[in-house]
Every structure is written in C-alpha cells, then in structure tokens.
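Just below is one structure, and these are the notes that go with it.
Every read-out reported here was derived from the displayed coordinates using simple, explicitly stated rules and does not represent laboratory data. In this text the structure is predicted, and so the values were computed from the model without any measurement. We place every Cβ from the backbone using ideal geometry, glycine too, and count neighbours over all the protein chains shown.
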Amino acid sequence: MEGINVIASSLITPLGDATETLNAITNNINAFKSYDKGLNIKNSKIALIKSDICDSDNYSSKLNKLAYKVGTTILDSIDNNILNERNIGLVFATSYGHLLDNEPSEGMSEWARRCTKALGFEEEPVVVSTACSAGSDAVGIACSMLEEDLYEAIIIIAVDIVTDAKRLAHSALGTMSTDILKPFDIDRSGMLIGDGAAALLLSKNEKLKSRARIIGYGASNDATGLTTPDITGKSVEMAINRAIKSAAVQLDDIAIYYAHGTGTKFNDQTESLVINKLFNSNKDLKIVGTKGAIGHSLGACGLIELILLIEILKNKKLVPTVGLEKPIDIVSDRFDLVNDNRLKNNIGLTVTLGFGGFNTAIIVESGEVND
C-alpha cells in the first residue's frame, strides 16, 4: 500500500494521555481498582477513565463525551490553511459501546451520526464494529478510502467503555481473570476490561507534517467461533503476512510486535506460537503488551495500541509488559524484563484478535516527514 501519513493523534486511557500512560507503564503502574456493584462476577477489578473527564455511570453520555473530547483535540490540531475541513471523512469504531446496557433502540450508526454532528460535520460517517479489532479495522478502512482519493483526510475515532453487561458477559464466558491481568504469563487466567478513547488524523497531503506513516495493513477471519480463536494461529499468520506484503518489508524488519495480549489462555498461546514461527529468525524482535496496565478497551484497543506503538517507536525505548512475571517459554526472550529496551529500527507491528475470528495487523514506521 502507499504510505498514509499520521498527522495528529489524541488518546485517553485510565492512566491519562499518551505520555502519561507510557510514563506510568514504564514505572510498572496499572490502573485497576475494585468496583463492587453487587454483580455476580469473578473479579471486581476494572480500569476506568477519571470521573473528572466524564461521568462513569451514564454510559451513553460517557461514550459521547469521550468521542467528543478526542475528536476536538484532533480538530484543534488541523491547519486550516492547508487542510480543507469540508473534505474530511470520519470513521468511528466501537464494540457495543453503551448499547448492551441502555438505549437498545439506537444503533451504532445513530451514535456515530450524533458524534459527527457534535463535532461540526454533516458528512455521513462510517462506523466499524468488528469486536476487539474494530479500532484496527477502522484504520484499514480509512487508509483504503484515502488511497481511493475519497477524502483529503480522515479522522478515526475509537471509543469503548466498561459497562455492567460487559463485565457480566466476560465473567460468564470465562475470559475474565481471577486475579490481575498477566499478559503472556505462564500463570495467566484471563483479561480485565477498561475504558479507552482515541482519535487519529490520517492524510496523504504532503504539505502536512507527518509524525509517522501507516505502511501496511492485513486482515483475516477464521470464523472458528463467536469467542474462541483459531488456536493453530494460521489465520493470525495470514493477517500478518498480508500486512508484510502490503508494506513491502520483511518479517526481519519488524522491531516491535505490539501484542493483543489479553492474558487469556488461548489468545496468548496462539500469539506466542505465531511469533515463534514467523519471527524465529528475527532475533532482535521485542514484544510489548499494555493491557496489563490499562485493561482491555475492546473495540477501542486497536487504535489506542497503534498510537502508543507510534510513541514507543518515536521515543526509541521499549516499555515493560505490566503484569508479566514468568513469560511463556517460547517467547520469554522477547520482553523487556532486564531493561534491555533498545530497538533496532523504527518499524513496528500491532496485532488485534477480535471475537468472531477477526484478526488484524498494522505496520507503522515512525519519524517526522516534511520538517
């Protein structure tokens, strides 16, 4: 694919903005706190965005406010002398947002339209909901739209929030951790969910200063089950190989594998098998996973992790995988466990694995263009 420039980004996690989040992760801090609302669930720990940013109990309002906040941050960064706001498209991503808990008559498209109007646009938005891969797939769709010259620029907004229904569902499904979230740990027992919101401004306009470039995208769907991944990893390999081909790079060129890393038995084992197979000759490849610090933000995680990956590449410094103590053997030498945080270059890969068999891979190259 032709490289698509990343012009601006905005991020809110339970640990703060991108800089605050990475600083906290560097210090092995996680955002989980116990919220016991009388729910019959395995674990009361969740990671919530601070209440001074938005109300944690009004789900619809919270989703809207987070989308508006990250969206307006992007709009404030736009240079109106270069970019025509009338030629900007919008792509939204979430899993179910607030829809499992209230306003069942409202669909995701209505939510996206309402957010679009609040941001001052009349353009019909695109809304993506491919479970936990939604944020990543929104990036792929946006890149395709730009390559087809449908817009001069596109704003991607991905938001997801913790709700009672999601907590109950993951507890019942057996995907919820009984302890802390321990990505790629031998003693992992599952995931914990968290709020998250992110926005990204993409464009091919060469007059705009670029912070990074999206150079590859690949996706697959294994349709193994509603919640169970293809444990052979073949479909994940397919998504990664498609991204590699799209980016016109080699597997050995990747410095960071930013993992989905949910801490569930099957997910982490599948990713470990794929990494060991595809990147066996890439001895310098490092793995990072951040859900042990900020939780699994479901439909928003792909965009959040892409933005954090860009920041990590820009800083040229790996961050630890919070919660990890005893790594799965076949990937144990891939983590920053002894402060070996050097990166061999500025190219990274982020992977998301969503319910329903959605697998998505994005390759990004950091570095400013048009200084």
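The table for this structure:
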{"item": "Highest to lowest packing among 186-197, 22-33, scored as the average C-beta count within 10 Å", "result": "186-197, 22-33"}
{"item": "Sorted by Cβ neighbour density within 10 Å, fewest at the top, the residues 236, 162, 249", "result": "249, 162, 236"}
{"item": "Compactness relative to 2.2 N^0.38 Å, alpha carbon Rg of the range 1-46", "result": "1.76"}
{"item": "Dipole moment magnitude, nearest 20 debye, the range 80-201 about Cα centre, only Lys, Arg, Asp, Glu C-beta charged", "result": "320"}
{"item": "Dipole magnitude of the chain about its Cα centre (Cβ charges: Lys, Arg +1; Asp, Glu -1), debye to nearest 20", "result": "680"}
{"item": "Cross-link reach list, aspartates and glutamates versus residue 62, counting only Cα pairs under 15 Å and skipping chain neighbours closer than eight places", "result": "52, 101, 103, 160, 164, 195"}
{"item": "Prolate/oblate/rounded label for the range 1-160 (Cα gyration tensor, a/c 1.5)", "result": "prolate"}
{"item": "Candidate lysines - alpha carbon under 29 Å from residue 277, same-chain residues fewer than 8 apart omitted", "result": "182, 234, 245, 265, 286, 291, 314, 316, 317, 326, 344"}
{"item": "Neighbour-count order for 301, 54, 132, fewest beta carbons within 10 angstrom listed first", "result": "54, 132, 301"}
{"item": "Selection from 151, 3, 176 lying farthest towards where the dipole of the chain points positive, charges on Cβ", "result": "176"}
{"item": "Cα lying deepest toward the dipole's positive end in the chain, options 261, 312, 328, charges on Cβ", "result": "328"}
{"item": "Residue-span extension gain [residue 81 to residue 36] - 0.36 nm each, minus C-alpha spacing", "result": "11.1 nm"}
{"item": "Residue-averaged [θ]222 nm for the chain, counting only DSSP H segments that reach four residues, each worth -39500 (n - 2.57)", "result": "-9000 deg cm²/dmol"}
{"item": "Length-normalised contact order for the chain - Cα pairs under 8 Å, 6+ apart - percent", "result": "25"}
{"item": "More than 17 angstrom apart: percent of Cα pairs within the range 124-236", "result": "68"}
